[in-house]
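The values are calculated or read from the model by the stated rules, or taken from the named source; none is laboratory data. Keep in mind that this is a model prediction, so the values were computed, not measured. Methodologically, a virtual Cβ is constructed for each residue, glycine included, from the backbone with ideal geometry; neighbour enumeration extends over all protein chains shown.
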Amino acid sequence: MARSVWKGPYVEKNLLSKAEAARDAGRNDVIKTWSRRSTILPQFVGLTFGVHNGQKFIPVLVTENMVGHKFGEFSPTRHFAGHTGDKKGTRE
């Protein structure tokens, strides 16, 4: 279910302040965040965020196409190792 329009998009306050500070300073540092549920705003375009996936921080460079999505969408939490090799179908 989507968030109410009158409430506006959800963004952590400290994340917004860190992004504004980085934009004002002109730095291109990675901004670490654990807030996967925060919405990407137009002010974040061009900044790099380190989104935590439960184990490590995945660097996410925000582009215009990402505005309106959540940070968690760009930092997968599961790693598919692949299927085990089936030896029945191979001939030697």
Tabulated pairs, region 21-45, first farther than 14 Å from V11 by Cα and part of a helix (DSSP H, G or I), second modelled with pLDDT under 95 and acidic (D, E), C-beta under 9 angstrom, 6+ apart or interchain: A22/D29
Residue count for region 21-45, restricted to those that are small (G, A, S) and loosely packed, with under 15 Cβ neighbours inside 10 Å: 3
Of the criteria (1) out of contact with any His (no Cβ under 7 Å at 6 or more places or on another chain); (2) closer than 16 Å to G68 by Cα, which one N14 fails: (2)
Odd one out for F49 among (1) out of contact with any Pro (no Cβ under 9 Å at 6 or more places or on another chain); (2) of a type outside the set (K, R); (3) surrounded by 11 or more Cβ atoms within 10 Å (Cβ to Cβ): (1)
Selection within region 50-69 - in contact with a strand residue (DSSP E or B) (Cβ under 6 Å, 6 or more places away or on another chain), closer than 25 Å to A2 by Cβ and touching a residue at least 24 places away in the same chain (Cβ under 8 Å): V51
